[in-house]
Amino acid sequence: MDRLSNCMSASASPSSEAKNIPIRFAHSRDAEPLARLINAAFVVERPFIEGERIDPLGVGAYMEKGKFLVSEDVDGLAGCVYVELRGERGYLGLLGVEPRRQGTGLGRKLMEAAENYFRAANCRAIDLRIISPRKPLPGFYAHLGYTQTGTAPFASDVPLKVPCHYILMSKSLG
């Protein structure tokens with residue numbers, strides 16, 4: 001099924017704008033719009049990462065290992081999240097919301113859809129990683145039930161402007 005209409009439960013409280021934006025799985029034809037969306041959403045990382053976050057080829061590489069859930073309306077892609085099955089654990093990344101729609105609850109709606117995707121795949125937990133300079137993110141994910149599980153070195157192939165590392169977080173689905 002292409003649409004993920006049953007991925008939301010009543011516990012989420014997005015705005016009416018976010019509630020009305022459907023979520024679906026991305027297709028290969030979405031690679032360019034996805035790259036644009038991710039780069040716009042991750043512009044806040046420019047003070048510490050050199051260049052764009054991703055390009056269409058990078059999106060395609062992610063699509064070979066997992067899937068993107070995307071929210072889309074008549075104005076185009078509004079948000080996305082990457083989901084990858086890794087045995088009994090799910091990996092979640094690249095949660096991004098188009099800048100004008102940030103703060104509407106769309107990010108939470110995408111997170112809930114991702115978590116429900118992993119539940120349906122019988123995952124026991126979800127893992128994610130965030131980059132250390134993104135100070136508000138640990139609190140955002142903690143509010144959603146994620147706990148810090150450690151740190152890891154930052155990818156060596158990414159040109160950095162300041163020292164960074166990954167903060168690892170997980171959530172049990174049991």
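What's the longest uninterrupted piece of the chain once you rule out the GluC sites (Glu not before Pro) that are loop residues per DSSP with at most 13 other Cβ within 10 Å? Walk me through the numbers before you get to the answer.
Working: sites that count: Glu50, Glu88.
Here the longest segment lacking exposed loop sites spans 89-174.
Across the chain, how large is the tail of the calculated P(r) beyond 21 Å, expressed as a percent of all Cα pairs? Before the final figure, lay out each step's value.
Details: 7045 of 15051 pairs.
Everything past 21 Å amounts to 47 percent.
Provide the per residue accessible area, probe 1.4 Å, for the chain, rounded to a whole number of square angstrom.
Numbers: 9120 Å² over 174 residues.
That works out to 52 Å² for each residue.
Please list, by residue number, every one of the trypsin sites (Lys or Arg not before Pro) in segment 54-158 that is coil in DSSP and has at most 16 other beta-carbon atoms within 10 Å. Can you show the working numbers first?
On the way: sites: Lys65, Lys67, Arg86, Arg89, Arg100, Arg101, Arg108, Lys109, Arg119, Arg124, Arg129, Arg134; in loops: Arg124, Arg134.
Loop-located and lightly packed - Arg124, Arg134.
Quick one: with all protein chains in place, what share of the accessible area of the chain is carbon or sulfur, to the nearest percent (1.4 Å probe)?
On the way: 4700 of 9120 Å².
Heavy-atom surface of the chain belonging to carbon and sulfur, 1.4 Å probe: 52 percent.
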*Extending each Cα 7 Å along its Cβ direction at Ala152 and Glu84, get the distance between those two points in nm, one decimal.*
0.8
*For a label point 7 Å along the Cα-to-beta-carbon line of Ser172, residues of segment 63-84 with backbone N under 15 Å*: none
*asked:* Projecting each Cα onto the charge dipole of the chain (Lys/Arg +1, Asp/Glu -1 at the beta carbon, about the Cα centre), which of Gly107, Pro47, Leu94 comes out farthest on the positive side?
replied: Gly107
*How many angstrom separate the Cα center of segment 25-93 from the Cα center of segment 118-155?*
17
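Express the Stokes-Einstein translational diffusion coefficient of segment 65-150 in µm² s⁻¹, to the nearest whole number, given a Kirkwood radius over alpha-carbon pairs, 20 °C and a viscosity of 1.002 mPa s.
Diffusion coefficient, whole number: 158 µm²/s.
How far, in nm, would the chain grow between Val162 and His143 when pulled straight, counting 0.36 nm per residue and subtracting the alpha carbon separation?
Details: separation 19, 0.36 × 19 = 6.84 nm, distance 2.72 nm.
Separation in residues times 0.36 nm, less the Cα-Cα distance, equals 4.1 nm.
For segment 16-73, what class follows from the C-alpha gyration tensor (a ≥ b ≥ c being the square roots of its eigenvalues): rounded when a/c is under 1.5, otherwise prolate if a/b is larger than b/c, else oblate? Each step should come with its number before you reach the end.
On the way: a/c = 2.57, a/b = 1.25, b/c = 2.06.
Because a/c hits 1.5 or more and a/b fails to exceed b/c, segment 16-73 counts as oblate.
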*What is the spin-label model distance, in nm, from Leu57 to Lys19 if the labels are put 7 Å beyond Cα along the C-beta direction?*
4.4
*Using only alpha carbon pairs under 8 Å that are at least six residues apart, calculate the relative contact order of the chain and give it in whole percent.*
23
*Rank Asp55, Asp157, Asp73 by mean-square fluctuation in a GNM of the chain with C-alpha springs under 10 angstrom and give only the top-ranked residue.*
Asp157
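The values are calculated or read from the model by the stated rules, or taken from the named source; none is laboratory data. Just so it is clear, the model here is predicted, and its values are computed rather than measured. Glycine gets a Cβ as well: all are built from the backbone with ideal geometry, and neighbour counts include every protein chain shown. SASA here: full protein model, heavy atoms, side chains in, ligands and nucleic acids out. Shrake-Rupley method; radii C 1.70, N 1.55, O 1.52, S 1.80 Å.
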